[in-house]
Amino acid sequence: MQIELTINEKAVKWEVAFDELLADTLRSHGFLSIKTACDTSCCGLCTVWIDGKSRLSCSILSLQAHGKKITTIEGLPKEAEEFAQILSAEGAEQCGFCSPGFIMSVLAMKNELVNPSEEEIIHYLTGNLCRCTGYMGQLRAIKTFLGVA
Amino acid sequence: MKSVGHSIRKIDGMAIATGKPVYTEDLAMDNALVVKILRSPHAYAKIRSIDLSKAESLEGVECILTYKDVPNVRFTLAGQSYPEPSPYDRLILDQIVRYVGDEVAIIAAVDEKTAQLAMKRIKVEYEVMEPVLDFEQAIGHSSIVHPEEDLSCNFEIGLNKEKNIASSYHEEVGDVEEELKRCAVVVEDVYYPQAQAHTMMETYRAFSYLDHTGRLIVVSSTQVPFHIRRQLARALQIPASKIRVIKPRIGGGFGGKQTGAGDVFAALVTLKTGKPALIIYDRKETFTCTTSRHAMRLRVKLGADQDGIIRAIDMQVLSDTGAYGEHAPTVLGCVGHYTLPLYNKTRAVRFDGHAVYTNKMPAGAFRGYGATQGTFALESIVNKLAERLKLDPTEIRLKNISKVGETFLTGQGVMLGSTSLDQCIVRGKELIGWDEKFPRREVGPNKVRAVGMAITMQGSGIANIGTASAEIRLNDDGNFTLLTGATDMGTGCDTILSQMAAEILEIPMEIIIVNAGDTDTSPYDPGSYASSTTYVAGTAVVKAAEELKSKILAQSAAFLGVSREDVELNGLAVRTLSGDQEISFAKLAELTILGTGKLQLVGYATHGSEVSPPPYVAGFAEVEVDRETGKVDLIDYVAVIDCGTVINPNLARIQAEGGIAQGIGMALYEQVRYDELGKMATNTFMQYKIPTRKDVGKVRIEFEVSYEPTGPFGAKSIGEVVANTPPPAISHAIYNAVGVRENHLPITPEKVFLGMQK
């Protein structure tokens, strides 16, 4: 069936199956920043924005994206690059596989929280797993990015 | 130094962080067949019959393969240098299935839905047999996991399949029994480090196709492309020259991707159909059908004199290798190799171990590789000894650890070339506030805080076995290409190897092109494992760069009409010492490659080390325990590290923080568990808990630099050693807090609570 949505500011009409997940639809249309790693809505790698809010694209049917505004990291080149520069200066992307979803959550957090404390940052991002870094370097990068000490 | 020692960002950092399509799945062809595996529902069974008729008739099913369709040659999936110590005990598909999840049939279809539907339509009749599930009951069990006659080993590893023993290892120096009798204090205990899952974020995956000459190309998320090529050649019975393995960007490995998974199934489909094929293990398959850390039982006995000098160590190990023996002998051996040399005042040591087959998922390589398990046992018993002798745990270490120039009993005379472990202990003590906090402080009516500690070592590469080659070329435009077989899996070795080359050649890193991890174009490298890349591949790069530098100077001098001694490097040029003549690299390249020179300048080196110098960590944990519930909060973790010279401080710090976090997971949260029928109960992140950012407390890393004379720029390894201290240090802190000595990992609130009731 056909859905109409806005993807990274561009209106599109896509054919999708009734049981197709948004993460798979996005990948099949070439948005290869979308990674999945858990099948149980636990890891946060597939995070995109739906109408500006960060959401797990593995846990949403593509049909539910009808009429919505979807943003992937491909749609935020400037903001993503700005934070990625800081993240990779820390070495805290490591394998990089969780980074796009993590960055989408960080950018959403920046929009939602004003001057967040360390505790609030950690709480906001708990749904983004990372097996490489132990999270400390990510926190250093976020603090630099947000200008909080 | 301009490159080495600086926190240079990874050369691929921006691409991978912003989601550019550079991983295996991103590179697969859209028309690749989807490969799925039908897996055994039984822990131990023989296939009586397989009926494919209803599955094969489905439109879109390309092929379905069973044990009748595969070469009858056993091999190992362990990625190790030839001849592999791991037993050749598996077929691509076997009539006997040995664990829940073992492969029964390979299905290739045009899309995932068709493949899944076909899988459901395959009818298999099994003859179910009694499985061996408890590894402590494996030796002498009535069921034999590997009854087959054609199982073989490349050399003697102490395999006794009738007794379910995959490998045995014994090492003894001095008379342990006599020495223990002479000791003033003897302590002993039994430790059970658990099976742990790697849970790299990118699950196992590979795709394959035939190239324009009919060769099999396999693009794989692997740490060991050269080993995968050799493995495929044997398993598929085709010459290695007909296979090319390419490693793109990798989403984490931690040793898991030192064992093959899936490559052979995709490759077989491509060979049978001539078509591209893609296999992606989902998370459940990654949890249940690949490998984990070896669960072990370690009985340790330690004897010391009245002053706390450790005189005898006796270690008896039982290791659960699961259904297949990947890495069974080597992980077992490393339990002793990476623990016994820590304390070298011993007069006698004994190590006796068996790795046993059971009907569970195979164990394999996992960061730490036996050292993690051995460290948990040895460091826990040393903490017990310190308490018995009323010595501070840090002091007993300082009295007993090895010093530069010293040897150790089982070390065959090899002298320790570098250590700053003593400074690591002293500095860690300061950072955690040991003197104020040891052993415990009450912080509320039911809350107590306490500290604990442990030390550890690992190796740097595998002495006399691991060899790496590297090549550096001066290209036609004056740039350079570094060719290496080392496999960056997020660790940053493409970057640090470039840093080393840039340092020697006195050039900026930007003009070095790195080409790595492709068996067609890379010089041989066993791959990134055994903490070898910085130390072994790094030295190969240094040697290759030095050779190229020497050639550049000689050739430039010839062009300038002066002697070799009269020139030096100057930016991207060579000039005479007097400074009156200069030739740029670009001109040099033009003259040697394009013009009359006819000799492209190339530096090439193969390096293997006769020693495997140990990096060290002193780890300190502070925990808060709730006396009412047994809940443990990790407050602070300090790790002070001796990895020799730190080539890239930020990348080294991240490696360390990540390793500590994995160790924290092992200490407190993670466990691969099975039900009574041998089915894994922890097959998703819902049941298998890796630490989130709320569970790791604060992790603080410092480096105490030493200089390893055999390492590149004085460097040793860091990748694995960082995983080892948290289990014993956190266990120690919990004991100091509430007096519960929990020797079964992970130390969950239930165990602490029940321990407090005793």
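The values are calculated or read from the model by the stated rules, or taken from the named source; none is laboratory data. Note that the structure is predicted; figures quoted are calculated from it, not measured. Ideal geometry is used to build each Cβ from the backbone, glycine not excepted, and the neighbour counts take in all protein chains shown.
The helices (runs of 4 or more DSSP H) falling completely within segment A:98-149 that include 1 or more residues that are farther than 20 Å from B:L634 by Cα and in contact (Cβ under 8 Å) with a residue 60 or more places away in the chain map to A:99-112, A:136-146.
For the condition out of contact with any strand residue (DSSP E or B) (no Cβ under 6 Å at 6 or more places or on another chain), assigned to a loop (DSSP other than H, G, I, E, B) and closer than 30 Å to B:G755 by Cβ, B:T629 qualifies. Residue count for segment B:9-28, restricted to those that are more than 8 Å from every other protein chain (Cβ to nearest Cβ), assigned to a loop (DSSP other than H, G, I, E, B) and touching a Lys or Arg at 6+ places or on another chain (Cβ under 9 Å): 2. Going residue by residue through segment A:99-117, is there one that turns out to be under 17 Å from B:Q662 (Cα atoms) and surrounded by 18 or more Cβ atoms within 10 Å (Cβ to Cβ)? The answer is no; no qualifying residue exists. Annotation: B:P41 fulfils all but one of (1) more than 14 Å from every other protein chain (Cβ to nearest Cβ); (2) farther than 14 Å from B:K123 by Cα; (3) assigned to a loop (DSSP other than H, G, I, E, B); the unmet one is (2). For B:D12, the stated conditions hold: it is touching a helix residue (DSSP H, G or I) at 6+ places or on another chain (Cβ under 8 Å) and not β-branched (V, I, T). Would you call B:D89 farther than 15 Å from B:R230 by Cβ and surrounded by fewer than 20 Cβ atoms within 10 Å (Cβ to Cβ)? Spelling it out, it is not the case that B:D89 is farther than 15 Å from B:R230 by Cβ and surrounded by fewer than 20 Cβ atoms within 10 Å (Cβ to Cβ). Which residue is surrounded by the fewest Cβ atoms within 10 Å (Cβ to Cβ), if the candidates are limited to segment A:82-98 and must be under 20 Å from B:M200 (Cα atoms) and of a type in the set (S, T, N, Q)? My answer is A:S88.
Do we have any residue at all in segment B:611-626 that's outside any strand (DSSP E or B) and of a type in the set (D, E, K, R)? Taking every residue of segment B:611-626 in turn, none turns out to be outside any strand (DSSP E or B) and of a type in the set (D, E, K, R). In the set B:E582, B:E568, only one residue is within 24 Å of B:A540 (Cα to Cα), among the charged types (D, E, K, R) and outside the structural domain of B:K751 (by TED's automatic domain parsing); that residue is B:E568.
Remark: pairs (first residue in segment B:80-92, assigned by TED's automatic domain parsing to the domain that holds B:A266 and part of a loop (DSSP other than H, G, I, E, B); second residue surrounded by 19 or more Cβ atoms within 10 Å (Cβ to Cβ) and polar (S, T, N, Q); Cβ separation under 6 Å; 6+ apart in sequence or on different chains) = B:E84/B:T76; B:P85/B:T330; B:S86/B:T76. Taking segment B:491-530 as the range and being hydroxyl-bearing (S, T, Y), within 14 Å of chain A (Cβ to nearest Cβ) and surrounded by fewer than 24 Cβ atoms within 10 Å (Cβ to Cβ) as the test, only B:T495 passes.
For segment B:211-238, filtered to residues that are more than 23 Å from B:N72 (Cα to Cα) and surrounded by fewer than 21 Cβ atoms within 10 Å (Cβ to Cβ), the residue that is nearest to the chain's Cα centre (by Cα) is B:D211. Listed by position, the strands (runs of 3 or more DSSP E) enclosed by segment B:128-229 that each have at least 1 residues that are of a type in the set (V, I, T) and modelled with pLDDT of 95 or more are B:165-173, B:185-191, B:216-220. Scanning segment B:706-717 for residues that are out of contact with any strand residue (DSSP E or B) (no Cβ under 7 Å at 6 or more places or on another chain) and either part of a loop (DSSP other than H, G, I, E, B) or under 14 Å from B:Q423 (Cα atoms) (or both) gives B:P709, B:T710, B:S717.
The set of residues in segment B:669-710 being more than 21 Å from B:V640 (Cα to Cα), touching an Asp or Glu at 6+ places or on another chain (Cβ under 9 Å), buried (at least 16 other Cβ atoms within 10 Å of the Cβ) and away from chain A (no Cβ under 13 Å) consists of B:T710 alone.
Could you tell me how many of the residues in segment B:628-664 are within 14 Å of chain A (Cβ to nearest Cβ), touching an Asp or Glu at 6+ places or on another chain (Cβ under 8 Å) and not aliphatic (A, V, I, L, M)? Qualifying residue count, segment B:628-664: 5. Which residue is farthest from the chain's Cα centre (by Cα), if the candidates are limited to segment A:44-60 and must be assigned to a strand (DSSP E or B) and of a type outside the set (K, R)? Taking the candidates together, the pick is A:I50.
Of all the criteria given as (1) under 21 Å from B:M201 (Cα atoms); (2) assigned to a helix (DSSP H, G or I), the one not satisfied by A:G30 is (2). Here A:I70 does not qualify as in contact with a helix residue (DSSP H, G or I) (Cβ under 6 Å, 6 or more places away or on another chain) and touching a residue at least 24 places away in the same chain (Cβ under 8 Å). Of all residues in segment B:264-297, none satisfies the criterion of being on the phi > 0 side of the Ramachandran plot and of a type in the set (A, V, I, L, M, F, W, C). Could you count how many residues in segment A:61-81 are surrounded by fewer than 20 Cβ atoms within 10 Å (Cβ to Cβ) and assigned to a loop (DSSP other than H, G, I, E, B)? Counting residues in segment A:61-81 that are surrounded by fewer than 20 Cβ atoms within 10 Å (Cβ to Cβ) and assigned to a loop (DSSP other than H, G, I, E, B) gives 4. Each residue in segment A:14-33 was checked for being of a type in the set (D, E), away from chain B (no Cβ under 11 Å) and in contact with a Cys (Cβ under 9 Å, 6 or more places away or on another chain), and 0 of them qualify.
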